[in-house]
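Written out below as structure tokens is the structure these notes cover.
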Amino acid sequence: MNVFEYAALRVVPRVERGESMNVGVIVYCQARDFLGCRVHIDAARLRALDPDLDLDGVRAALTAVECTCGGGPHAGQAGDEPLGSRFRWLTAPRSTIVQAGPVHAGLTGDPAAELDRLLDALVR
């Protein structure tokens, strides 16, 4: 078993109302050299929070998170950073519509399977 860290990704359409909805999960496992992200957008539920929400903007922000996790040429400058640095950057507090929640830790033998389990438990 290995230690892993994770954070839920949430959409906060209107900060002043204090409402948010989980739309994804980021998992980092240093021992397995793993950084992954899964997202699931329920457009109807998001529209219930804010009918004027820019869903294309939300999708673009989540795609950027996925690209940063995956590295490579589409990840920009952050894609060249070590996985741990990318995870810390992605989970740093920010006041944008797409935010990472608090970082939590656990034990897993398979971080990719943990990512899928967390998506089901926290998002779907």
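General remarks:
- Length-normalised contact order of the chain in % [C-alpha pairs under 8 Å, at least 6 apart]: 37 percent
- Each of residue 113 and residue 1 was given a label point 7 Å from its Cα along the Cα-to-Cβ line. The distance between the two points is 1.4 nm.
- Ranked list, fewest to most other Cβ atoms within 10 Å of each Cβ, for 95, 20: 95, 20
- Estimated translational diffusion coefficient (Stokes-Einstein, Kirkwood radius over Cα pairs, 20 °C, 1.002 mPa s) of the chain: 146 µm² per second.
- Cysteines (scope the chain) whose Cβ has no counterpart Cys Cβ under 4.7 Å: 29, 67
Every read-out reported here was derived from the displayed coordinates using simple, explicitly stated rules and does not represent laboratory data. Note that the structure is predicted; figures quoted are calculated from it, not measured. Backbone-built Cβ (ideal geometry, glycine too); neighbour counts: all protein chains shown.
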